[in-house]
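None of the figures in this text is laboratory data; all of them are computed from the coordinates on show. These numbers were taken from a predicted model, which means no experiment stands behind them. Positions of Cβ are backbone-derived with ideal geometry, glycine not excepted, and every protein chain shown enters the neighbour counts.
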Amino acid sequence: MNILVTGGTGFIGSNLCRELVKQGHQVFCLDNNYTGSLDNVQELMDKSEFCFIEHDICNRLDSIEKLQGVKLDRIYNLACPASPPAYQGKHSLDTTKTCVYGAFNVLDLAIKHDAVILQASTSEVYGDPLVHPQKETYLGNVNPNGIRACYDEGKRCAESIFFDYSRHMGAKIKVIRIFNTYGTFMAPDDGRVVSNFICQALEGKDITIYGDGSQTRSFCFVDDLVRGIIAMMESDTSFTGPVNLGNPGEFTIKELAEKVVAKIDTPSKVVYKDLPSDDPKVRRPDIALAKEKLGWEPVIKLDEGLDKSIAYFKQKLVKLGRIK
Ligand code: NAD
Ligand code: UDP
C-alpha cells in the first residue's frame, strides 16, 4: 500500500515508518522536523520504499510534489508535539494550529484519495481524570484555559473534526487515544519523564521529580504501541474508535525514578522540583475495548522496556559526545 505518516520523523512516527517499510509498504514520511529529526529515519533514507517530505500540516497537503500521481491508501496523522515542554509556552498556539488546521488538511487529503485515516489522539483528552482507570466512555476533566489546554483541547477538537468528517463527508476514520509511550528513538532532550530520568542518570545529573512523585502514569513500550496502531488501522472500517492504546501497568513517578537508578550505576541524586499546574494525578488505560476489537494488548513489561531504552540512550549519548 501507499501510506502517508505525518509526524514521521518523531519518536512514534519513525518507529511506525520502520515497521511499515519492513512490511513491504511504500511509505511517505511527512514532517516539519519541529521535534522530530532525520536522524530517526537515517537507515530508511536510501530505500526506494521510503520518501521524506518536509512539510507543515498547518498548510494544505494537496499540492505536495512528491505525492503527485500517488494514490494514498492509508494516512496516519501523528504530527503534533507531544512533550509538555515542547507543546507549551511560546509554542502553544502552533500546537493548537497543528491539531486543528492540521486535522482539516489531512482529512481533506484523505477524502481526495479515499484513504483510511487514523488520528493519534491522547489520554490527555481525559485531563486530570476523576474516573480511574479511564474508559473511552469517560468524557474527561480538562481545564480549558490552563497551560496544557493547547494540547488537550487541541486534540479534543481534532477528535470532533474527525467524527464530523466521518458523519458528513464520508471520511473513513480511526481514532486512537495513546497513553504514555516510551522507548527507542525518543529524543534525549524531549523533556518527558522516561527520557529525562534515563539521560539524567547516564550523564550523572540530578534526577528531577516534579512534585512529590506520588502521581502515577502507565508506560507502554513503543513496539507494543506500533503493533496496536497498525491493528487499529487494519481493523474493520466500521470500527472508528476512539480506542485506548496503552499499558495498564501503573507506577508512581517515584517508583519509576527508583527503577531507573537501580538499573544504571550512577552518582545522580534525586531532587524534587515544583509540580507544573494541571499535571494529572493518576492515569491508567482501561484497554478492554482494544482487547475485544483488535485482539491487542501490550506484552513488554516496564523492566524490559527500560532495559531496551537505556541501551538506546547510551549509544545515542555516546554518539552525541555527551558520555563516553
Ligand atoms: P514527537 O514530538 O516525537 O513526534 C511528533 C512529530 O510531529 C515530530 O516529528 C514533529 O516534528 C512533528 N510535527 C509537529 N508539528 C508538526 C506540523 N505542524 N507539521 C508537521 N509535522 C509536525 O512525539 P511522539 O511521542 O512521537 O507523538 C506522536 C503522536 O502521538 C502525537 O500526535 C502525539 O500527540 C501522540 N501521542 C503520543 C504519546 C506518547 O506518549 N508518546 C501519548 C499520547 C499521544
Ligand atoms: N515528570 C517528572 N520529572 C521530569 C519530567 C516529568 O517528575 O523530569 C513528571 C510529570 O510532572 C508528570 C509525569 O512525570 O507527572 C509524566 O510526565 P511526562 O511529561 O512524561 O508526560 P505527561 O503524562 O505529563 O504528558
Working out 0.36 nm times the residue gap between GLU19 and VAL318, then minus their Cα-Cα distance, what length gain in nm do you get to one decimal?
105.1 nm
Hey, rough spin-label estimate for ASN59 and HIS132, points 7 angstrom out along Cα→Cβ, what's it come to in nanometres?
4.5 nm
In whole percent, what relative contact order does the chain give with Cα contacts below 8 Å and a gap of six or more residues?
17 percent
Checking the cross-link filter: which lysines have an alpha carbon closer than 21 Å to that of LYS112, excluding same-chain neighbours under 8 positions apart?
LYS66, LYS71, LYS172, LYS174
Longest principal axis of the chain (C-alpha) makes with the long axis of helix 11-22 (C-alpha) an angle, in degrees to the nearest 10, of 60 degrees
Determine the alpha carbon to alpha carbon distance for each of LYS90/LYS293; LYS273/LYS324; LYS155/LYS314; LYS273/LYS301 and list only those over 31 Å.
LYS90/LYS293; LYS155/LYS314
Stretched out fully, how many nm does the piece from GLU258 to ASP274 gain, at 0.36 nm a residue minus the Cα gap?
3.9 nm
Cα-based Debye curve of the stretch 142-285 sampled at q = 0.09, 0.19 Å⁻¹ gives log₁₀ I(q)/I(0) of -0.36, -1.22
quick shape note, the chain: Cα extents on principal axes in Å, largest first -> 56, 46, 40
Compute the FRET efficiency between HIS91 and GLU292 as 1/(1 + (r/R0)^6), taking r as their Cβ-Cβ distance and R0 = 30 Å, and round to the nearest 0.05.
0.20
Taking amide H atoms as placed 1.01 Å from N in the peptide plane, list the residues 5 or more away in sequence, or in a different chain, whose amide H sits under 5 Å from that of THR216.
VAL282, ARG283
May I ask you to derive the FRET efficiency for LYS47 and ASP164 from their Cβ-Cβ distance with R0 = 30 Å, giving the value to the nearest 0.05?
0.20
Most mobile listed residue (GLU124, GLU153, GLU203) in the chain, GNM with C-alpha springs under 10 Å:
GLU203
Set of aspartates and glutamates with alpha-carbon distance to LYS97 below 12 Å, sequence-local pairs under 8 removed:
ASP56, GLU153
Tell me the angle of helix 253-263 to the major Cα principal axis of the chain, expressed in degrees between 0 and 90 and rounded to the nearest ten.
70 degrees
Within a 10 angstrom radius of the beta carbon, how do ARG167, ARG227 rank from fewest other beta carbons to most?
ARG167, ARG227
